[in-house]
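Here's the structure we're looking at; comments come further down.
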Amino acid sequence: MEKMNFPQKLIAWIKGCLVSGMGSVLVNGSPTKEFKHKRRLRQVDPLSPFLFIIAMGIVIMFMKRASNLGLFHGCQLPNGGPNISHLCYAKDVLFIGVWSEHNITALNRLLRWLSLVSGLKVNRSKCKLFGIGVTDSEVARLARVANCETGSLPFMYLGIPIGVKMKRAKYWKPVLDRFILKL
């Protein structure tokens with residue numbers, strides 16, 4: 001946060017929140033003795049979305065620099081569209097690039113640098129590598145290089161099937177049913 005020119009007072013407040021976590025449990029309506037949290041920040045913490053946004057700023061900076069230097073090659077959209085190398089949404093980051101071992105190696109290095117700079121750790125057991133237009137054996141080979149699992153299409157993301165022809169009504173039915181239940 002110092003490198004991003006955040007005010008020192010704000011940095012001190014956030015550090016204070018992260019190191020001074022205390023809690024207690026209600027037992028039969030009465031609070032127990034307070035105890036220190038063993039983990040510093042959890043997803044349910046109200047501060048975590050803001051810190052995630054700051055961390056994603058670092059990811060964006062790393063990816064722009066890597067793309068500009070030719071270390072990572074994203075996907076060029078047609079008709080003069082932008083070159084996309086990553087998308088950030090909620091607590092997820094999707095890296096998009098040309099299929100090559102060079103890109104996987106560069107991405108591994110970028111994630112390692114991110115870990116060293118920010119203190120965040122990538123949970124590789126939740127990471128998946130998808131290949132479009134490549135063989136399953138090639139996906140498995142590069143997944144081993146990336147130290148992650150192989151993914152296959154279609155898959156569900158945020159309740160929407162990815163990798164299917166969304167023009168078909170049968171793929172929209174579960175989404176519509178969930179909306180109707182909420183209404």
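The values are calculated or read from the model by the stated rules, or taken from the named source; none is laboratory data. Here the structure is a predicted model, which is why all the values come from computation and not from measurement. Quick reminder, even Gly has a Cβ in these numbers, built from the backbone with ideal geometry, and neighbours come from all protein chains shown. Surface accessibility is based on the protein's heavy atoms, side chains included, excluding ligands, DNA and RNA. Shrake-Rupley method; radii C 1.70, N 1.55, O 1.52, S 1.80 Å.
Taken together, the residues in region 164-180 that are out of contact with any helix residue (DSSP H, G or I) (no Cβ under 8 Å at 6 or more places or on another chain) and free of Cβ contacts under 8 Å to residues at least 12 places away in the same chain amount to 11.
Residue-by-condition table, conditions (1) open to solvent by 70 Å² or more (accessible area, probe 1.4 Å); (2) under 16 Å from the mean Cα position of the chain (by Cα); (3) modelled with pLDDT of 85 or more:
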| site | (1), (2), (3) |
| --- | --- |
| LYS126 | yes, yes, yes |
| VAL134 | no, no, yes |
| TYR157 | yes, yes, no |
| TYR171 | no, no, no |
| ILE180 | yes, no, yes |
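Whether any residue in region 160-169 is out of contact with any Asp or Glu (no Cβ under 9 Å at 6 or more places or on another chain), closer than 30 Å to SER48 by Cα and either assigned to a loop (DSSP other than H, G, I, E, B) or open to solvent by 30 Å² or more (accessible area, probe 1.4 Å) (or both) is what I want to check. Before you say what the answer is, go through the steps one by one.
The first filter runs over region 160-169 and keeps only residues out of contact with any Asp or Glu (no Cβ under 9 Å at 6 or more places or on another chain), leaving 160-169.
Retained after the next criterion (residues that are closer than 30 Å to SER48 by Cα): 160-162.
Of the ones still in play, those that are also either assigned to a loop (DSSP other than H, G, I, E, B) or open to solvent by 30 Å² or more (accessible area, probe 1.4 Å) (or both) are 160, 162.
Yes, region 160-169 contains a residue that is out of contact with any Asp or Glu (no Cβ under 9 Å at 6 or more places or on another chain), closer than 30 Å to SER48 by Cα and either assigned to a loop (DSSP other than H, G, I, E, B) or open to solvent by 30 Å² or more (accessible area, probe 1.4 Å) (or both).
Within region 68-107, the set of residues being open to solvent by less than 40 Å² (accessible area, probe 1.4 Å) and over 22 Å from ILE54 (Cβ atoms) comprises GLY70, GLY74, GLY81, GLY97, SER100, ASN103, ILE104, ALA106. For region 93-120, enumerate the residues that are touching a residue at least 12 places away in the same chain (Cβ under 8 Å) and not in a helix (DSSP H, G or I). Correct list: VAL93, PHE95, ILE96, GLY97, VAL98, TRP99, SER100, LEU120.
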